[in-house]
């Protein structure tokens, strides 16, 4: 299956993917392959709570879903592509992602309408990753970033018609701590 959000993740927001990148919640490794190939990122480190990688070269470092086992500032950027809604503590995971990287690209489903909330609940129940229920509206995501003292460097919204199998509006946010400047540059 072709990634329906390829353009947003790796073309438009790919300018924030350079240097060393940590892909949190790497799954089978598809985004790692795309970052290495399409976005031209030389070093992408997969990270996940289980190893479901499709090959040895995509094998992730394993972690408990909370504390990321890397040094502070070890990465230039991190990604959380459709991961936070599965986390029992999205707030803590964002803080950890930004502890180890200068900026974080977050992709999430937006639970804006009753239909969205129903589809999100079905997704959570059938995904095998029903550990959390962190679906939020755009307003709630932006409020959380503000509470965490983060600034949104960039954002892109994808309409519900993009992916008919799961017609929920989505957002991609590039966030960084408010005081971070020089480390977070688009290439």
Checklist outcome for this item: Rounded to one decimal in nm, the spacing of the 7 Å Cα→Cβ label points at residue 151 and residue 56 is 4.6 nm
Checklist entry - Which length gain, in nm to one decimal place, applies between residue 126 and residue 143 when the Cα-Cα distance is subtracted from 0.36 nm times their residue separation? => result 3.3 nm
Checklist entry - Considering the chain as a Gaussian network with a 10 Å cut-off on Cα pairs, which listed residue, 118, 17, 110, attains the greatest mean-square fluctuation? => result 118
Item to check | Order by protection proxy (mean Cβ within 10 Å, highest first), peptides 84-91, 146-153, 18-25 | outcome: 18-25, 84-91, 146-153
Item to check | Compactness of the range 6-177 as Cα Rg over 2.2 N^0.38 Å, two decimals | outcome: 0.96
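Since every read-out is calculated from the coordinates, none of them should be taken as a lab result. Everything numeric in this text was worked out from a predicted model, so none of it was measured. Positions of Cβ are generated from backbone atoms using ideal geometry, with glycine treated the same way; all protein chains shown enter the neighbour counts.
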